[in-house]
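The values are calculated or read from the model by the stated rules, or taken from the named source; none is laboratory data. Being a predicted model, the structure only gives us computed values, none of them experimental. Glycine gets a Cβ as well: all are built from the backbone with ideal geometry, and neighbour counts include every protein chain shown.
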Amino acid sequence: MNNENYNGEVVEKQNNNKIFIVIIVLFIFIVMVIGVSIATFTYTKKKDSVNTISTGNVSLNYTENTNGIDITNAYPMSDEVGRTLTDENQYFDFSIDADINGDVIANYEIAAEKVGTSTLNNDEVKLYLEKETNNSYEEVMAPKHFTPLTKSTELGTMAGTMLLDSGSVNKTTTINYRLRMWVDSNTVVSELEKNFGVRVSVKAKIDLSK
């Protein structure tokens, strides 16, 4: 056999082997990227919408056309009174809707984001959260001043927002919440118009390892 032809065949085989190895490496890399992207599904909800993946979805729904609650020129009141506010503009109902398929767990966190135009201080406002259980609402967060997080959570709730509640679901379900907010009884009322508003959002992550 001609040495030149033989050497050419050897070089060609080596090049083909290199190409084959590169293709395998790229395939493994693509599989890894797809696996990671599915396992770390994360999103924030603002407004009424649904994000869907193959294993299920978690959405935040509102009973009104707004996604939060505002107070303007309200009088200071005690926690006892604030807990029982029933006027239409004094509480805010929303729900967590989970549609779970397969052996997965959806972890979620509910947060309140302060509206930038608010003029009341954080310690002049109280927030109170309830969750519906057996057709009645029960306390899940006692009356508390607006307390922003100093750093973001592992689930992704941002620093500067207030964490209201967290939980997990492993089956299709709806969880109803009721948020109330009022001016703290120790607040000094001035003649200037004062206001405070928050917008509710939820961070959710599907855990595929369970």
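Selection of the stretch 128-152 for residues being in a loop (DSSP other than H, G, I, E, B) and more than 20 Å from the chain's Cα centre (by Cα) yields ASN134, ASN135. Within the stretch 96-114, the set of residues being touching a strand residue (DSSP E or B) at 6+ places or on another chain (Cβ under 7 Å) and either surrounded by fewer than 15 Cβ atoms within 10 Å (Cβ to Cβ) or not assigned by TED's automatic domain parsing to the domain that holds VAL189 (or both) comprises just one member, ASN101.
When you go through ILE96, ILE110, ILE105, ILE100 one by one, which is the residue that is touching a Leu at 6+ places or on another chain (Cβ under 9 Å) and over 30 Å from ALA74 (Cα atoms)? Walk me through it before giving the result.
Details: ILE96 fails: over 30 Å from ALA74 (Cα atoms); ILE110 fails: over 30 Å from ALA74 (Cα atoms); ILE100 fails: touching a Leu at 6+ places or on another chain (Cβ under 9 Å).
Residue meeting the stated conditions: ILE105.
Here is a list: GLU139, GLU193. Which entry is within 20 Å of ASP87 (Cβ to Cβ), in contact (Cβ under 8 Å) with a residue 60 or more places away in the chain and surrounded by fewer than 17 Cβ atoms within 10 Å (Cβ to Cβ)? None of the others qualify; the one that does is GLU193.
Give the stretch 156-179 a look and list any residue that's under 11 Å from ALA111 (Cβ atoms) and either in contact with a Pro (Cβ under 7 Å, 6 or more places away or on another chain) or of a type outside the set (Val, Ile, Thr) (or both), or say none. Scanning the stretch 156-179 gives GLY156, MET158, ALA159, GLY160, THR161, MET162, LEU163, LEU164, ASP165, SER166. Hey, among the residues in the stretch 115-136 that are surrounded by 15 or more Cβ atoms within 10 Å (Cβ to Cβ) and among the hydroxyl-bearing types (Ser, Thr, Tyr), which one's nearest to PHE92 (Cα to Cα)? Here the residue is TYR128. It is to be established whether one or more residues within the stretch 153-162 are in a strand (DSSP E or B) and either under 15 Å from the mean Cα position of the chain (by Cα) or at pLDDT 90 or above (or both). For the stretch 153-162, residues in a strand (DSSP E or B) and either under 15 Å from the mean Cα position of the chain (by Cα) or at pLDDT 90 or above (or both): present.
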